[in-house]
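The values are calculated or read from the model by the stated rules, or taken from the named source; none is laboratory data. On a predicted model such as this, the values are computed, not experimentally measured, just so you know. Ligands, DNA and RNA are stripped out before the accessible areas are found, and what is left, the full protein with its side chains, is counted by its heavy atoms. Shrake-Rupley method; radii C 1.70, N 1.55, O 1.52, S 1.80 Å.
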Amino acid sequence: MKKCMLLSLLLMLTACSNNEAEQTIANQSDTIKDLENTIEEQANTIESQKNTIAELEDSMTEDNHESEDLVNKNENGTNEEIPTLALGETYSDDEIEVTIHNVEYLSDGVEVFFEVHNKSEEPLEKAGSLKFTLDEEQFEEEFNRLGYGMNFDNTGYIYEGEKRKGSYNYIYDRDVTIKEIKYHYSKSGVTTDLVATWRVE
């Protein structure tokens, strides 16, 4: 009788042990599946991030090309290259002819000598506006905001076929060296389109 009871008890313990082992295996299997799902999700996330990075790199490359295109465009938004000339050379198109002759450094500023020939039907209100690139970059903004005295052979509008020859005199107490002079149209007192650039050697 005792042997039967012991045998029954052993069988019950074995059965319980087997059930626990099976449950443990089942739990571990579920954990492994969860880990596999997590790994798969992380792999998908990594792949998505790689695609996003690739798209950003492509976008940055396109932006760089657009920036290069913008640098090559003139201020009118076209792809025409703005001509660069040496002092004494003449820019000419269907509407205007401009020559910047020379720059004279004075004790109290700078004087720029140039002439303008209007070839268009629309009269020019004045001889144009000059903007400067300086060796001394810290003074450039201030210098370009200066007013100037006009010394021309004639005054008033420049009508078709007429020329103006003279200078703009910029009073400035600091010593500056001009690297480039940019000639702009000037309409109603406002600086507009860039026409050409002259290098000052």
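Checking the a/c ratio against 1.5 first, then a/b against b/c, what shape does the Cα gyration tensor give for segment 93-197? Prolate.
Calculated accessible area for segment 108-201 comes out at 54 Å² per residue, all protein chains present (probe 1.4 Å; ligands, DNA, RNA ignored).
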